[in-house]
Amino acid sequence: MTKTMQVEIVSAEAEIFSGEAKQFTATGLLGGLGIYPGHTQLLTALKPGPVRFIKADDEEEVLYVSGGILEVQPDCVTLLADTAIRAVDLDEAAAAEAKQRAQQALHDKQTDIDYAKATVELAQAAAQLQAIAKLKKKATGKR
């Protein structure tokens, strides 16, 4: 029998996932994290980006998170996300448009913009597109 761990993913709006998983990956502030059952305890903030986990039935799930906190215990992973959206529910065209708008705002020196806000919007749009790309890779059978 393959070892699993309990995974709980909750956003400010709803519980996204609760169940067993064999593997969990996310991007912390200092880089990528690969979590397996029995992992040492860990608490870290997450960057906006894709979160991927392999459920007990070997089905892969990909989500986009806008940031949050990840707590890892040897038998449980808890992600408290600011925003979490299943990658299948993301709108690729809207994310690409938001990325383009944010890039244009950052490069346009004539407008009065909030550079911090535009930078955050750019990072979030790029992270959503990254989650969509991971989902597309999964659909074509590439890892």
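Being without any contact (Cβ under 8 Å) to a residue 40 or more places away in the chain, more than 12 Å from residue 79 (Cβ to Cβ) and of a type in the set (Val, Ile, Thr), is that true of even one residue in segment 28-44? Checked against the condition, which is being without any contact (Cβ under 8 Å) to a residue 40 or more places away in the chain, more than 12 Å from residue 79 (Cβ to Cβ) and of a type in the set (Val, Ile, Thr), segment 28-44 yields at least one hit. Among the residues here, residue 110 does not qualify as at pLDDT 95 or above and open to solvent by 50 Å² or more (accessible area, probe 1.4 Å). Only residues that are part of a loop (DSSP other than H, G, I, E, B) and over 13 Å from the mean Cα position of the chain (by Cα): list them for segment 70-84, please. Scanning segment 70-84 gives 74, 75.
The values are calculated or read from the model by the stated rules, or taken from the named source; none is laboratory data. A quick note: this is a predicted structure, and the numbers were derived from the prediction, not measured. Ideal geometry is used to build each Cβ from the backbone, glycine not excepted, and the neighbour counts take in all protein chains shown. Calculation scope for accessible area: heavy atoms of the full protein, side chains included, ligands and nucleic acids excluded. Shrake-Rupley method; radii C 1.70, N 1.55, O 1.52, S 1.80 Å.
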